[in-house]
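Below you'll find the structure, written out as structure tokens, and then a few comments.
The values are calculated or read from the model by the stated rules, or taken from the named source; none is laboratory data. None of the values given here were measured: they were computed from a predicted structure. Note: ideal-geometry Cβ built from the backbone for every residue, glycine included; neighbour counts use all protein chains shown. For the accessible areas, the whole protein counts, side chains as well, though only heavy atoms, and no ligand, DNA or RNA atoms are used. Shrake-Rupley method; radii C 1.70, N 1.55, O 1.52, S 1.80 Å.
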Amino acid sequence: MERLLTISMSHYLVLAAFVFCCGLYVMTIKRNAVGILIGVELILNAANINLIAFSRYQVGGIDGQIAALFVIVLAAAEAAIAIAIFVNYYNNLATIDVDRGDQLQG
């Protein structure tokens, strides 16, 4: 019975692959800039799942957890900068549809 309750590394890798595919799908389907940002965040979370899983199953390894922390900080900075760009984009075009970006001049 205990064998059925254990979670192996393959479970984490399948979860990370699923989250990555969801992020890639969102990035390719959405025309909304915020939707694309959500897709990027999903892809970064998939990378974090992989880093933590590899760190968990490595003997004495904490390097993956430290790398995941850096990815989280990078994602937060990326989201803050992207939101600032989206606000400026909305002020200029009154929409956040990325297909209308070719109307910008400069």
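Figures for the structure shown
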quantity: Identity of the residue in the stretch 6-41, small (Gly, Ala, Ser) and open to solvent by less than 60 Å² (accessible area, probe 1.4 Å), that ends up farthest from Ile81 (Cα to Cα); calculated: Ser8
quantity: Matching residues, the stretch 58-73, being touching a residue at least 12 places away in the same chain (Cβ under 8 Å) and either loosely packed, with under 12 Cβ neighbours inside 10 Å or β-branched (Val, Ile, Thr) (or both); calculated: Val71, Ile72
quantity: Long-range neighbours under 7 Å by Cβ, at least six apart or interchain, first residue touching a residue at least 24 places away in the same chain (Cβ under 8 Å) and closer than 14 Å to Lys30 by Cα within the stretch 84-101, second of a type in the set (A, V, I, L, M, F, W, C) and open to solvent by less than 90 Å² (accessible area, probe 1.4 Å); calculated: Ile96/Ala33; Ile96/Val34; Ile96/Phe86; Val98/Ala33; Val98/Ile36
quantity: Subset of the stretch 42-53 (residues that are open to solvent by 40 Å² or more (accessible area, probe 1.4 Å) and in contact (Cβ under 8 Å) with a residue 40 or more places away in the chain); calculated: Ile52
